[in-house]
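First comes the structure, then the notes that go with it.
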Amino acid sequence: MLRPVVLAAGLLWACCVAASAQTPNPVIQHYRAYQAALDANDLATAEREAAAALAATEARDGDGGRTAVLALNLASVRFLNHNAAGALESGRRALTLSHSVGEAQSGVSPILAQLIVGRAELATGDASAAARLASALEAAQQARTDPAEIYDA
């Protein structure tokens with residue numbers, strides 16, 4: 001009697017594993033679409049997909065998971081798409097998370113987040129942004145940040 005119950009439980013477990021393996025991950029789907037759009041230089045689609053990836057990870061992970069990374073991706077593509085105000089909002093989210101949970105857990109360097117925030121602040125006309133951006137640039141140079149990231153700023 002025990003053997004059929006164990007077999008049935010094993011079969012049910014295998015079916016559940018197979019079904020969960022077939023369920024697509026919306027964060028990854030949107031992230032891949034974002035990457036493909038960037039590769040095609042389709043910034044409008046990249047922005048839309050980055051926003052969808054961020055929304056999906058927020059729904060699933062809140063402030064955890066890769067929320068900070070996806071917020072920084074969205075800020076970057078919005079800035080490239082001449083949407084500095086939108087970049088500022090998501091950039092600040094990435095910056096806040098990089099400080100609150102740390103770089104290792106958030107996946108975002110506070111220095112890089114500050115660079116994108118500073119650029120967006122400057123583009124939106126914030127009078128004190130230049131000083132903060134200069135400070136972020138200095139911190140990036142001292143931290144030996146990738147020169148391509150510093151050059152963009």
Compare the peptides 112-118, 37-43 by average per-residue count of other Cβ atoms within 10 angstrom and give them in order, highest first. 112-118, 37-43
If R₀ is 41 angstrom, what is the calculated FRET efficiency for the pair Thr45 and Ala139, using the beta carbon separation as r and rounding to 0.05? 0.80
Between rounded, prolate and oblate, where does region 19-153 land on the alpha carbon gyration tensor, with a ≥ b ≥ c its root eigenvalues, rounded for a/c under 1.5, else prolate if a/b exceeds b/c? prolate
Based on C-alpha coordinates, I'd like the Rg and Dmax of region 20-69, in Å. 11.2, 34
Suppose R0 equals 41 Å; then what is the FRET efficiency for His99 and Gln22 from their Cβ-Cβ distance, rounded to the nearest 0.05? 0.60
Classify region 82-123 as rounded, prolate or oblate, taking a ≥ b ≥ c as the square roots of the eigenvalues of its Cα gyration tensor: rounded when a/c is under 1.5, otherwise prolate if a/b is larger than b/c and oblate if not. prolate
Checking rank on 128-141, 82-95, with mean other Cβ inside 10 Å and highest first, the result is 82-95, 128-141
May I ask you to evaluate 6.51 cos²θ - 1.76 cosθ + 1.60, the Karplus curve with θ = phi - 60°, for each residue of region 41-57 and list the ³J(HN,Hα) values in order in whole Hz, giving x for glycine and proline? 6, 9, 5, 5, 5, 4, 5, 4, 6, 5, 5, 5, 5, 5, 4, 5, 6
Could you tell me how far the Cα centroid of region 90-109 sits from the Cα centroid of region 58-86, in Å? 11 Å
Karplus couplings for region 22-38 from phi (6.51 cos²θ - 1.76 cosθ + 1.60, θ = phi - 60°), rounded to Hz, Gly and Pro as x? 8, 6, x, 8, x, 4, 5, 4, 5, 5, 5, 5, 4, 4, 5, 5, 4
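FYI, it's all coordinate maths here, none of it is from the lab. These figures come from a predicted structure and were not determined experimentally. Cβ: placed from backbone, ideal geometry, glycine included. Neighbour counts: every protein chain shown.
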